[in-house]
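Comments concern the structure below.
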Amino acid sequence: MNIVTILISAGTLLGLAVIFSYILGWASNAFKIEIDPRAEAALEVLPGANCGGCGYVGCGAYAAAVAAEKAAVNLCSVGGPNCAAELAAIMGVEVGETFPLRAVVHCGANTEDRLQRNEYRGEQKCFTANLVNGIQGCVYGCLGFGDCVEACNYDAIQVLDGLATVDYQNCIGCGMCAKACPRNIITIIPFKKESILVVPCSNHDAGKLVKSVCNVGCIGCKACTKVSKIFSVIDNLAVIDYDKYLEADSEELAKAAEKCPVKMLTFLKTRIK
């Protein structure tokens with residue numbers, strides 16, 4: 001290889017390098033994505049848990065949605081009220097009154113309360129067990145295999161006597177347990193008082209059928225609705241309107257729980273962080 005060939009090769013490589021540098025520079029400017037500085041500031045405020053409890057895949061996605069004014073500033077249950085206040089300051093909005101969100105299991109039946117139980121020898125997972133008919137008479141109740149326990153990163157839920165039970169000392173309301181439950185019996189609700197009345201049942205069958213499969217299931221009798229306006233019975237199941245929860249006084253709620261013929265309504269006493 002003579003010196004001319006070497007020079008030609010070097011010149012060609014140099015020319016290609018210049019051309020590609022120009023192309024890359026052009027592409028960098030042409031396809032540049034502007035990042036809203038408010039999104040960066042919001043991301044700094046968020047706890048970085050990436051739990052998905054806000055409804056977004058991670059803190060980055062939520063921060064971007066807040067900056068784009070597509071998401072409320074009070075959706076981060078991990079960060080709580082302080083985080084909401086800081087996000088509101090970044091966005092220049094009022095955060096309003098916020099309450100901690102916590103998980104509630106809408107089933108109160110321990111093993112002995114389930115009147116129709118059958119042995120299950122398949123994979124010990126709620127997801128797979130839910131695909132099998134006849135495991136237990138109530139097709140709405142907790143299966144008790146602990147998919148929610150595995151999903152929780154905060155050691156805030158465990159299975160006790162066949163029933164998923166929330167530890168409110170640790171629960172931060174991220175919603176991962178609710179997403180893991182194949183029967184959708186776990187919801188995230190605002191804890192507006194330190195003692196919250198809940199309906200620990202998800203059975204929509206008529207009262208007679210409920211009593212044949214469970215000792216503690218809601219029978220849809222509407223006794224609670226006659227005591228407090230925050231109650232309604234929808235598809236045979238008592239439902240509490242938590243938007244109106246602060247309107248009901250404690251004595252009224254206690255009376256509603258007392259009037260329940262199956263003593264199903266339950267007060268959850270929690271520590272609000």
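The values are calculated or read from the model by the stated rules, or taken from the named source; none is laboratory data. Everything quoted here is computed from the prediction, not taken from an experiment. In this analysis, Cβ positions are derived from the backbone assuming ideal geometry, glycine residues included, and neighbour counts consider all displayed protein chains. Note: areas computed on protein heavy atoms with side chains; ligands, DNA, RNA excluded. Shrake-Rupley method; radii C 1.70, N 1.55, O 1.52, S 1.80 Å.
Search the range 97-152 for residues being in a helix (DSSP H, G or I) and polar (S, T, N, Q), and hand back the single one that is surrounded by the most Cβ atoms within 10 Å (Cβ to Cβ).
Out of the qualifying residues, it is 128.
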Selection from the range 217-240 of residues that are without any contact (Cβ under 8 Å) to a residue 40 or more places away in the chain, surrounded by 18 or more Cβ atoms within 10 Å (Cβ to Cβ) and small (Gly, Ala, Ser): 220, 223, 228, 238
Residue list for the range 157-172, restricted to those being open to solvent by less than 20 Å² (accessible area, probe 1.4 Å) and at pLDDT 95 or above: 157, 163, 164
Where a residue in the range 110-128 is closer than 17 Å to residue 210 by Cβ and its partner, wherever it lies, is at pLDDT 90 or above and of a type in the set (D, E, K, R), with Cβ under 7 Å and at least six apart: 110/161
Residue within the range 76-93 that is closer than 17 Å to residue 43 by Cβ, open to solvent by less than 20 Å² (accessible area, probe 1.4 Å) and over 21 Å from the mean Cα position of the chain (by Cα) present: yes
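To keep it simple, each residue is scored yes or no on (1) over 27 Å from residue 269 (Cα atoms); (2) in contact with a strand residue (DSSP E or B) (Cβ under 9 Å, 6 or more places away or on another chain).
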| residue | (1), (2) |
| --- | --- |
| 41 | yes, no |
| 47 | no, no |
| 54 | no, no |
| 66 | yes, no |
| 71 | yes, no |
| 98 | no, yes |
| 102 | no, yes |
| 121 | yes, no |
| 124 | yes, no |
Some residue of the range 194-202 being part of a loop (DSSP other than H, G, I, E, B) and either surrounded by fewer than 16 Cβ atoms within 10 Å (Cβ to Cβ) or free of Cβ contacts under 8 Å to residues at least 40 places away in the same chain (or both): yes
Test: residue in the range 175-193 that is crowded, with 20+ Cβ neighbours inside 10 Å, at pLDDT below 95 and either more than 24 Å from the chain's Cα centre (by Cα) or small (Gly, Ala, Ser) (or both): yes
Every pair of residues 6+ apart whose Cβ atoms lie under 9 Å, when the first sits in the range 151-166 and is without any contact (Cβ under 8 Å) to a residue 24 or more places away in the chain while the second is aromatic (Phe, Trp, Tyr) and buried (at least 19 other Cβ atoms within 10 Å of the Cβ): 159/145
Within the range 241-266, tally of residues that are exposed (fewer than 15 other Cβ atoms within 10 Å of the Cβ) and not in a helix (DSSP H, G or I): 4
